[in-house]
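The values are calculated or read from the model by the stated rules, or taken from the named source; none is laboratory data. Since the structure is predicted, the reported quantities are computational estimates derived from the model, not experimental observations. With ideal geometry, Cβ positions are generated from the backbone for all residues, glycine too; neighbour counts draw on all protein chains shown.
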Amino acid sequence: MTSTLADMGIYAGFDMVPRLSKGLLYIHKWESFIKMIKEIYQNDDLVEVKPNYIVFKAGEHPMLPFEGHKFLQFNSKVSGSHANGVEVYTRTIAEGAKLQFGSRIRYWDETLDQFGVYNWQEVNDSFKSYEQPDKPDKPDKPDKPESPTSIAQLVFGTDPISELDLQLFDVQPVPGTGRGLVARFNIATGKRILSEKPLFTIPGIQSMELYESTVTTKLKALSKPEQREFLFLHNNFPGKHPFSGIFKTNALPCGPGSAISGVYPTLCLINHSCLANAHFSWNSDTNCENIHAIRAIKAGEEITICYMKGHSLDSRRAYFRESFSFSCDCGLCSLPPPDIQISDARRLQIRLLHDAVDDQCRMINKPADCLADCQRILQLLKEEYQDTAGTSIAILYYDAFLINITQSDQARASVFAERAYGSRAICDGADSPESRRIKGLMEDPTNHMNFGISKKWETAKGQVPMGLDTVEFEKWLWEGR
Ligand SMILES: [Zn+2]
């Protein structure tokens, strides 16, 4: 039987290509997807949860089974009087499925001359299988030699393992913020969670009208699936300028202080926290925005990034209201007023000390004072951020490197560069241009242009003392002379 659904009307839908195996990972992924769909439609009278599947009572009543390996296609006739909004269900569910299964989900719409890949018989057989859950697999016969089962086979089934399969997170509904990314496994510090190219980027623009027309032009140039990914993003600025509203809500700068910003289908779903467990950074070599865990993240924990660091509660609130039209209720912003005061004062002190350290004249003439300030900043960062200070630690160690190399102290400079590199690689990845630059300075600190400005603390790189315990080594390292 090779007839297609096109023979019987105009259909739209999406396919799972290739179909899912029975591996544990796919069982888990499909369960997360079904959970998300149930939550989205929990108050929708047209959506009914049956014992083994969900049915959408619109169009031809398309279904989603609870066993993912049975699923081939979600489809419905979109023409005729019974459509009842089935097209909207189909699009929304396809977008949700795409977040979990990426390019395995293929959306098609016969009005656009796009067709499903499975034939009528295959699809109908799969629908019939939804009614009954599978019987448990029979155990192997004792006389049959056991085939070795790797952990990978158990987790992934027999499908080839791709990057997509190793996804460390699920997209899930998050109270108060719509959707968010939740860790599927325990994620180690420094692990790259996600790397994504922008759907499109735009430079900073003054007027809202120009902003809207620029975003609209960029949007029109995208493929249909990409346009849907963009339109599926949250908009905190509904009204006259819908597309620039979505862009403004979600855009991230392409590098610190960059006037160019981009939007990303998955990365833009990551919510903000002032004490975030992950860091976003633009890699100008790969033109990708990367997300790294800056501390260990437990399975089930939401993955968060920080849009604005180091400011007081009032400044943060004003910035979030103006730039994103949202209010933050993270652990820090929800502290009682006396604790907020302590946090605000500490953040102010960190900023003032940073300004003092960045003073070039002082770095040359009062290096011991600058180094003492660095040590104080380190202590304050640990008090304020615990283990989530991220790039602030990398910057701090880099400042300590600068102080020492300006005084020609290669030994201490190389140790500080090593620490700056370690912290930077956690936040941005070892492959980022900045990580590689600092690694070069760690290997040869004399490559920095400040080397030799003063010879007051001159040492050779090999003069790092051996055999000291931690306390003695730290004393030597931070020694101001
Ligand atoms: Zn906050």
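Of all residues being in a loop (DSSP other than H, G, I, E, B) and touching a residue at least 40 places away in the same chain (Cβ under 8 Å) in segment 308-329, which is farthest from the ligand (Cβ to nearest atom)? Just the residue, please. Among residues in segment 308-329 that are in a loop (DSSP other than H, G, I, E, B) and touching a residue at least 40 places away in the same chain (Cβ under 8 Å), the one farthest from the ligand (Cβ to nearest atom) is Ser325.
Filtered by the rule that a residue be under 34 Å from the mean Cα position of the chain (by Cα) and farther than 30 Å from Glu301 by Cβ, segment 357-382 gives Val357, Asp358, Asp373, Cys374, Gln375, Arg376.
The single residue among Phe74, Phe56 that is touching a Leu at 6+ places or on another chain (Cβ under 7 Å) and either over 30 Å from Phe185 (Cβ atoms) or among the β-branched types (Val, Ile, Thr) (or both) turns out to be Phe56. Within segment 460-481, if we keep just the residues that are of a type in the set (D, E, K, R) and part of a loop (DSSP other than H, G, I, E, B), the residue that is surrounded by the most Cβ atoms within 10 Å (Cβ to Cβ) turns out to be Glu479. Return the residues of segment 369-383 that are among the charged types (D, E, K, R) and buried (at least 20 other Cβ atoms within 10 Å of the Cβ); say none if nothing qualifies. Passing the criteria: only Asp373. Any residue in segment 453-467 that's without any contact (Cβ under 8 Å) to a residue 24 or more places away in the chain: show its pairings with residues that are among the aliphatic types (A, V, I, L, M) at Cβ separation under 8 Å, as long as the two are six or more apart or on different chains. Pairs found: none. Tell me whether segment 277-292 contains one or more residues that are modelled with pLDDT of 95 or more, closer than 25 Å to Ile377 by Cα, within 12 Å of the ligand (Cβ to nearest atom) and not aliphatic (A, V, I, L, M). No, the conditions are met nowhere in segment 277-292. Only one of the numbered conditions (1) in a loop (DSSP other than H, G, I, E, B); (2) modelled with pLDDT under 85; (3) not charged (D, E, K, R) is not met by Pro225, and that is (1). Taken over segment 409-427, the residue count meeting the criterion of being over 20 Å from Ala296 (Cβ atoms) and small (Gly, Ala, Ser) is 5.
When you look at Glu87, is it touching an Asp or Glu at 6+ places or on another chain (Cβ under 9 Å) and either within 15 Å of Arg19 (Cβ to Cβ) or aromatic (Phe, Trp, Tyr) (or both), yes or no? In short, no.
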